[in-house]
Amino acid sequence: MATYAMSGGATGIGAAIRKTLQTAGHKVVVVDLKDADICADLSDYAGRQRAVDGIRQRCPEGLDGFIPCAGVGPSVRPPSLITRINYFAATTMTDGLLDLLEKRGGRIVMIASNSAPMIEHNDYIDLLLAGDEEAACELADSRDTHSAYAGSKHGICCWLRRQSGDLARRGLRINAVAPGIVQTPLSDKVLADPELGQVMKDFGDSVPLGKVGQPEQIASVVEFLLGPGADYMTGSIVFVDGGHDAMLRPDTF
Ligand SMILES: NC(=O)c1ccc[n+]([C@@H]2O[C@H](COP(=O)([O-])OP(=O)(O)OC[C@H]3O[C@@H](n4cnc5c(N)ncnc54)[C@H](O)[C@@H]3O)[C@@H](O)[C@H]2O)c1
């Protein structure tokens with residue numbers, strides 16, 4: 001039995017990951033706003049600290065893996081809330097749990113998005129990678145929510161790739177899945193958004209495999225990345241998107 005901690009396990013992709021891991025007999029400690037082992041709002045420092053402290057208390061044996069899955073979509077406003085939850089909560093919680101992960105050769109699986117490569121590397125992403133939360137949030141609020149969302153996921157990918165070498169030397173693997181459009185409460189909210197709904201619908205209609213994804217189809221890849229079958233993988237971004245990324249940028253990989 002492995003011990004895993006994760007955020008965002010109450011609904012959608014996170015709930016499917018939790019169920020998959022629990023069904024396989026593993027211990028899973030979940031942080032979320034509600035319906036979780038540890039209830040915490042990860043948009044601010046105090047909530048992240050409560051989450052990390054709660055995981056430490058429940059997992060003194062160490063962690064075999066951590067999955068920072070909590071996130072909000074591009075329909076959420078102000079844009080800085082996306083920055084705080086999708087990028088800063090995920091990265092600071094991961095940092096705060098590295099010693100627990102080191103105890104058991106832990107694996108980290110981040111949740112990116114196939115929107116990450118839809119945005120060029122820019123000044124917002126530089127602020128994310130510099131760890132300057134307030135400046136990144138100020139810049140996010142001067143732009144649109146798509147830039148904040150795709151940028152937060154682009155930032156996650158750069159962040160994990162930049163440190164995968166150092167983590168490897170500490171015995172840790174770090175990878176990400178990059179889902180395409182998946183049917184969850186998050187994508188339902190984007191579909192209902194007056195500004196973004198039609199674009200999202202057209203995007204869903206253009207998936208090469210002909211349908212939007214289901215949370216279980218992401219969870220099975222997360223389970224693989226956490227397991228021994230992926231023990232030579234680190235620093236990888238795995239697209240699980242029905243072929244959308246390959247369709248949009250076939251010659252860039
Ligand atoms: N659904 C998609 O199409 C899609 C595509 C690509 C990536 N993703 C990513 O997958 C992850 C899961 O999203 P989902 O689609 O399952 O959405 P979801 O809304 O079903 O789940 C997100 C979870 O995060 C939690 N959460 C949100 N804000 C929080 C906060 N401030 N503090 C603590 N927990 C918080 C929610 O309560 C919820 O349980 C997100 O990181 C999202 O960006 C989703």
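The values are calculated or read from the model by the stated rules, or taken from the named source; none is laboratory data. As the structure is a computational prediction, the values presented were derived from the model and not from experiment. Neighbour counts run over all protein chains shown; Cβ positions are idealised from the backbone, glycine included. Calculation scope for accessible area: heavy atoms of the full protein, side chains included, ligands and nucleic acids excluded. Shrake-Rupley method; radii C 1.70, N 1.55, O 1.52, S 1.80 Å.
Structural remarks
- Test: residue in region 78-100 that is on the phi > 0 side of the Ramachandran plot and surrounded by fewer than 23 Cβ atoms within 10 Å (Cβ to Cβ): no
- Tally of residues being part of a helix (DSSP H, G or I) and touching a residue at least 24 places away in the same chain (Cβ under 8 Å) across region 95-148: 22
- In region 128-151, of all residues being out of contact with any Phe, Trp or Tyr (no Cβ under 8 Å at 6 or more places or on another chain) and of a type in the set (Ser, Thr, Tyr), the one that is least open to solvent (accessible area, probe 1.4 Å) corresponds to THR145.
- Selection count where residues are among the aliphatic types (A, V, I, L, M), within 16 Å of VAL177 (Cβ to Cβ) and more than 8 Å from the ligand (Cβ to nearest atom), scope region 65-83: 1
- Of the helices (runs of 4 or more DSSP H) lying entirely inside region 177-226, those containing at least 3 residues that are more than 8 Å from the ligand (Cβ to nearest atom) and farther than 24 Å from ALA15 by Cα span 197-205.
- Cross-chain or 6+ apart pairs with Cβ under 8 Å, region 179-195 first and farther than 16 Å from SER113 by Cα, then hydrophobic (A, V, I, L, M, F, W, C) and assigned to a loop (DSSP other than H, G, I, E, B): LYS189/VAL76
- Filter result (open to solvent by less than 20 Å² (accessible area, probe 1.4 Å), more than 15 Å from the ligand (Cβ to nearest atom) and of a type outside the set (Val, Ile, Thr)) within region 101-127: LEU101, GLY106, TYR124
- Of all the numbered requirements in (1) closer than 16 Å to ALA70 by Cα; (2) near the ligand (Cβ under 10 Å from one of its atoms); (3) open to solvent by 10 Å² or more (accessible area, probe 1.4 Å), CYS157 misses one, and that requirement is (2).
- All positions within region 1-47 that are β-branched (Val, Ile, Thr) and not in a helix (DSSP H, G or I): THR3, THR11, VAL28, VAL29, VAL30, VAL31, ILE38
- Within region 227-242, the set of residues being assigned to a loop (DSSP other than H, G, I, E, B), surrounded by 14 or more Cβ atoms within 10 Å (Cβ to Cβ) and not β-branched (Val, Ile, Thr) comprises GLY227, MET233, GLY235, SER236, ASP241, GLY242.
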